[in-house]
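The values are calculated or read from the model by the stated rules, or taken from the named source; none is laboratory data. Since the structure is predicted, the reported quantities are computational estimates derived from the model, not experimental observations. All Cβ positions, glycine included, derive from the backbone under ideal geometry; neighbour counts span all protein chains shown.
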Amino acid sequence: MTAARAAVAAVAVLVIAWLAVMERDAALEARAAPAQQPGASAALLARAEGDLRDARFLNPDSAPQISLAAVLRARGDEAGALAEMAGVVRREPDNLRAWLAYALLAEGTDPAVVERARAELRRLDPLNAR
């Protein structure tokens, strides 16, 4: 009986730790959100980049990586932004939001990526394809 209680207590501690990490990741992502607005300062963009990189820790959601790509582009790192998005769409080929962000980030820099992303958008959402 004592071993069972110890096992339940250990699982509870692990769950609480996981929830704490997820809460921290969400707070970091929220703190980085203002940097995605036009006209963000270089300091704000740099802090947001660090926050979003940290928010990926044990986080299965791709939202911090998509936001990081937007921040990288705003900082002038087009190649880094496209590389981040390429990783997301490779890992999650059915992620509509990721393909849309990829298309928007590649516009004006890589027509082949834009065309592929638009094809994927048509595949994933044929009723709203434009």
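Asn59 satisfies every condition listed in (1) outside any helix (DSSP H, G or I); (2) modelled with pLDDT of 95 or more except (2).
Please work out if Glu84 is assigned to a helix (DSSP H, G or I) and under 30 Å from Ala17 (Cβ atoms). So Glu84 fits the description; yes. Residues in region 87-103 that are surrounded by 16 or more Cβ atoms within 10 Å (Cβ to Cβ) and assigned to a helix (DSSP H, G or I): Val88, Val89, Ala98, Trp99, Leu100, Ala101, Tyr102, Ala103. Restricting to region 33-58, and then to whatever is over 12 Å from Leu72 (Cα atoms) and within 14 Å of the chain's Cα centre (by Cα), can you tell me which residue is surrounded by the fewest Cβ atoms within 10 Å (Cβ to Cβ)? It comes out as Leu58.
Yes or no, residue by residue, for (1) in a helix (DSSP H, G or I); (2) of a type in the set (A, V, I, L, M):
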position	(1), (2)
Val8	yes, yes
Pro38	no, no
Asp54	yes, no
Gln65	yes, no
Gly80	yes, no
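Within region 107-121, which residues are small (Gly, Ala, Ser), more than 13 Å from Ala86 (Cβ to Cβ) and either in contact (Cβ under 8 Å) with a residue 40 or more places away in the chain or not in a loop (DSSP other than H, G, I, E, B) (or both)? Hit for region 107-121 is Ala119, nothing else.
Selection of region 55-109 for residues being among the hydroxyl-bearing types (Ser, Thr, Tyr) and within 20 Å of Ser41 (Cα to Cα) yields only Ser67.
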